[in-house]
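The values are calculated or read from the model by the stated rules, or taken from the named source; none is laboratory data. Bear in mind the structure is a predicted one, so any value in this text is a computation, not a measurement. Reconstructed Cβ throughout: ideal geometry from the backbone, glycine too, with neighbour counts over all protein chains shown. Calculation scope for accessible area: heavy atoms of the full protein, side chains included, ligands and nucleic acids excluded. Shrake-Rupley method; radii C 1.70, N 1.55, O 1.52, S 1.80 Å.
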Amino acid sequence: MSMSHIENVPTPPREIPRWFFIRRMQALVFTMGFMIALGFAMIGVAVLWSGYPPPGPDWALNQQHREARARITGAHFMPRYHYGNRSPWEVRFVFETSDGRKVATVGYTLDPSFGPGQVGQWMPIEYDSDRPTIARPVGGMHSLVPWWIYPLFGQPLILGFVLLPVLGVKIRRERDLLVRGEVAEGHVVEIKQSPYVHFNRARPYDITYTFRDFNRQERRGRDRTYHYAWAASLREGDPVVVIHDAMDGERNVLWIRQPGLET
């Protein structure tokens with residue numbers, strides 16, 4: 001790269017494509033998007049499985065409920081479902097609310113002493129006074145999906161939204177640097193493909209380079225690029241264009257805005 005390449009770099013403020021970060025920060029953008037999508041998918045599975053939106057009926061019953069006695073009308077063991085080393089019983093029961101309404105509903109219990117011999121007997125229950133069909137045996141549950149599954153399944157979603165402001169700050173700082181930073185000629189020190197990040201069969205390149213900043217102090221920087229062919233063509237000692245902060249040369253990135261390439 002000759003000095004003419006540097007001279008061809010626009011003077012500040014430079015025009016940077018609106019979606020430049022998608023090409024420059026693919027791994028972070030993909031991770032954030034994947035986590036958010038995975039979190040929504042897992043919560044969606046929990047909602048479809050339980051039939052209730054988060055945090056679920058049992059969380060609501062934990063906060064407020066009425067107590068009653070219910071007559072057991074059916075009991076069914078569910079060996080395909082596991083909570084640790086235990087499987088639940090599906091319990092059907094009828095009861096009368098405090099205002100005299102008769103309600104038939106279903107709940108679940110992990111009580112190992114429960115069995116079909118208890119059909120016809122009475123048991124204590126808890127129910128939602130506003131929606132009495134939401135009820136459960138005392139110590140049991142109304143839904144097969146416990147309330148704590150929602151925050152557990154929602155962890156990828158939370159992580160994705162945590163990454164959102166991180167990505168926003170990184171985009172803003174890098175965009176500002178590319179728009180207003182000083183230009184310098186650098187030279188390639190090392191080109192390595194990332195051993196951990198893959199997009200299909202392609203791996204991004206980490207390019208280490210040296211340059212002299214605005215104060216003529218020698219600096220060393222490293223930038224990641226997803227311009228695979230361009231990066232693969234580089235060799236040690238090849239010139240590159242570097243954009244850096246005039247007040248802090250440690251802040252620097254490669255300028256990759258040449259014919260056929262985008263920043």
Sparse-neighbourhood loop hits (chymotrypsin sites (Phe, Trp or Tyr not before Pro), segment 1-50; DSSP loop; Cβ within 10 Å at most 11 others) -> 19
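Could you tell me what % of all Cα pairs in segment 176-237 have separations over 16 Å? Write out the running numbers ahead of the final one.
Numbers: 985 of 1891 pairs.
Within segment 176-237, distances greater than 16 Å cover 52 percent of Cα pairs.
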Give or take rounding to whole Å, what are the principal axis extents of the alpha carbon atoms in segment 1-56, in descending order?
65, 21, 12
Just to compare against my own numbers: the Cα pair-distance distribution for segment 141-263, 10 Å bins, whole % per bin, please.
12, 32, 29, 13, 8, 5, 2, 0
All alpha-carbon distances of segment 61-104, grouped into 10 Å bins from 0, give the whole-percent distribution 23, 36, 33, 8
Given bins 10 angstrom wide, list per bin the percent of all Cα-Cα distances in segment 162-212, short to long.
20, 27, 45, 8
Fraction of alpha-carbon pairs in segment 95-193 farther than 20 Å apart, rounded to whole percent, equals 67
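If exposed means no more than 10 neighbouring beta carbons inside 10 Å and the site is in a DSSP loop, what's the longest run of the chain without any exposed trypsin sites (Lys or Arg not before Pro)?
Details: sites that count: 18, 80, 101, 201, 216, 235.
Longest stretch, sites excluded: 102-200.
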Using alpha-carbon coordinates alone, the radius of gyration and Dmax of the chain in Å work out to 30.7, 92
State log₁₀ I(q)/I(0) for segment 36-174 at q = 0.17 Å⁻¹ as given by the Debye formula over alpha-carbon point scatterers of equal weight, solvent excluded.
-0.92
Segment 169-247 and segment 113-142: distance between their alpha carbon centers, rounded to Å:
65
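Kindly report the accessible area of the chain per residue (heavy atoms of protein chains, probe 1.4 Å, no ligands, DNA or RNA), in Å². Before the final figure, lay out the partial values.
Working: 15310 Å² over 263 residues.
Value for the chain: 58 Å² per residue.
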Accessible area of the chain with a 1.4 Å probe: how many percent of it is carbon plus sulfur?
55
Using the alpha-carbon atoms, what tilt in degrees (0 to 90, nearest 10) does helix 155-180 show relative to the longest principal axis of the chain?
20
Taking only Cα atoms, what is the 0 to 90° angle, nearest 10, from helix 26-50's long axis to the longest principal axis of the chain?
10
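Which is the longest stretch in the chain that no exposed loop site breaks, taking sites as GluC sites (Glu not before Pro) with a DSSP loop state and at most 15 other Cβ atoms within 10 Å? Don't jump to the answer; show the numbers that get you there.
On the way: sites that count: 15, 236, 250, 262.
Longest run free of exposed loop sites: 16-235.
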